[in-house]
Amino acid sequence: MPPPLLPTNTYIPTSAVLTYAPVKEARQSTYVLLVMLPLGLKVSWFVLSLLGLVSNWVAFIAFARALRPPWLPIVYCTASTVLQISFCLGFIWRMRPSIMPRGFCAAQTVLI
């Protein structure tokens with residue numbers, strides 16, 4: 001059974017591992033499970049994502065040289081870069097969807 005509804009101005013602690021919060025737009029009493037991950041894990045994810053992107057470019061440039069039409073690996077790396085940039089820009093808001101602007105979330109969803 002879900003916990004009782006919280007008022008919309010209730011403070012949700014960032015140190016909580018799992019917290020329930022009501023969805024304002026829902027017509028019924030719907031709960032969204034907010035998973036608050038530690039900042040260190042988010043930084044690690046960010047760094048590993050960027051390292052993966054760099055290694056992706058290094059490997060696919062070598063792969064493009066082996067192919068005669070090198071445009072396919074370059075298109076793949078460009079698309080991967082756009083996706084990684086849209087993901088990593090979320091770090092501006094400490095990777096917390098609750099404080100990200102709606103426009104950014106919508107653009108990120110469309111890109112991904």
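The values are calculated or read from the model by the stated rules, or taken from the named source; none is laboratory data. For clarity, every value in this text was computed on a predicted model and none was experimentally measured. A quick note on method: Cβ atoms are made from the backbone with ideal geometry, for glycine too, and the neighbour counts reach across all protein chains shown. Quick note on the areas: whole protein, heavy atoms, side chains included, nothing else; ligands and nucleic acids left out. Shrake-Rupley method; radii C 1.70, N 1.55, O 1.52, S 1.80 Å.
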Spot the failing condition for SER98; the list is (1) touching a helix residue (DSSP H, G or I) at 6+ places or on another chain (Cβ under 8 Å); (2) within 21 Å of PRO38 (Cα to Cα); (3) of a type in the set (Gly, Ala, Ser), and only one is missed.
-> (1)
Give the residue that is least open to solvent (accessible area, probe 1.4 Å), with candidates limited to residues of the stretch 57-106 that are of a type in the set (Gly, Ala, Ser) and touching a residue at least 24 places away in the same chain (Cβ under 8 Å).
-> SER86
Do we have ILE92 as farther than 20 Å from LEU41 by Cβ, of a type in the set (A, V, I, L, M, F, W, C) and at pLDDT below 90 here?
-> no
Whichever residue in the stretch 46-56 is free of Cβ contacts under 8 Å to residues at least 24 places away in the same chain and among the hydrophobic types (A, V, I, L, M, F, W, C) and, among such residues, is least open to solvent (accessible area, probe 1.4 Å) = VAL47
Could you figure out which of (1) surrounded by fewer than 14 Cβ atoms within 10 Å (Cβ to Cβ); (2) at pLDDT below 55; (3) closer than 18 Å to SER98 by Cβ isn't true of LEU37?
-> (2)
